[in-house]
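Undergrad: For reference, the structure I am asking about is given below.
The values are calculated or read from the model by the stated rules, or taken from the named source; none is laboratory data. Nothing here was measured: the structure is a model prediction, and the numbers come from that model. Neighbour counts are summed over all protein chains in view; Cβ atoms, including those assigned to glycine, are modelled from backbone coordinates with ideal geometry.
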There are 2 protein chains.
Amino acid sequence: MKAHVYVTLKTSVLDPQGQTIQNALHKIGFSDVADVRQGKYFQISLGNGLSAEAAREKVERIARDVLTNPVIEEYSYHIEE
Amino acid sequence: MKAHVYVTLKTSVLDPQGQTIQNALHKIGFSDVADVRQGKYFQISLGNGLSAEAAREKVERIARDVLTNPVIEEYSYHIEE
């Protein structure tokens, strides 16, 4: 069972790295890129013995308590069955 | 129009950062985590004037030529209509 976790900066938090990428894209001709935000992406492989509900609960805890800094970041995830 | 780009290390490339996270998860009790791989995630907002086909072509070029190091990384993306 594989989970995909996406951690992004909250929209209220400045993202200088994304801004730098956007500026670079403009300079090389991608002028219709309105915004770029960079985040982190995690692929987590879980043991196959877990139920869907147990996997969901585990991934939720890992994303919330380990992978995300709740002061400046938020997370989402999805689980491949 | 919003594009989501995921850049990951090729499976043949070691991921010490993911390995460190996996070890940390084991230490705090998530013993059924079999593997963790860390990648990058980009949210790209495009101007609304683009056709779906033009947007797809543009995001493909940005992902391939700018966001990914083809020696060690691979990418995937999806576009919200």
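Undergrad: Out of the residues in the stretch A:29-81 that are among the polar types (S, T, N, Q) and not in a loop (DSSP other than H, G, I, E, B), state the one that is surrounded by the most Cβ atoms within 10 Å (Cβ to Cβ).
TA: Out of the qualifying residues, it is A:38.
Undergrad: With respect to the numbered conditions (1) without any contact (Cβ under 8 Å) to a residue 12 or more places away in the chain; (2) polar (S, T, N, Q); (3) more than 9 Å from chain B (Cβ to nearest Cβ), which one is the sole condition not fulfilled by residue A:31?
TA: So residue A:31 meets the others, but not (3).
Undergrad: Restricting the search to the stretch B:23-45, which residues are among the hydroxyl-bearing types (Ser, Thr, Tyr) and modelled with pLDDT of 95 or more?
TA: From the stretch B:23-45, those among the hydroxyl-bearing types (Ser, Thr, Tyr) are B:31, B:41, B:45; that's our starting set.
Residues satisfying the conditions are B:41, B:45.
Undergrad: Within the stretch A:1-28, track down each residue that is farther than 24 Å from residue B:10 by Cα, surrounded by 13 or more Cβ atoms within 10 Å (Cβ to Cβ) and in contact (Cβ under 8 Å) with a residue 40 or more places away in the chain.
TA: A:9
Undergrad: Among the residues of the stretch B:13-28 satisfying the criterion of being assigned to a loop (DSSP other than H, G, I, E, B) and within 30 Å of residue A:22 (Cα to Cα), which is nearest to the other protein chains (Cβ to nearest Cβ)?
TA: Step one: of the stretch B:13-28, the residues assigned to a loop (DSSP other than H, G, I, E, B) are B:13-15, B:28.
Right, trim to within 30 Å of residue A:22 (Cα to Cα) and you get B:13-15.
Details: B:13: 13, B:14: 15, B:15: 10 Å.
In this case the residue turns out to be B:15.
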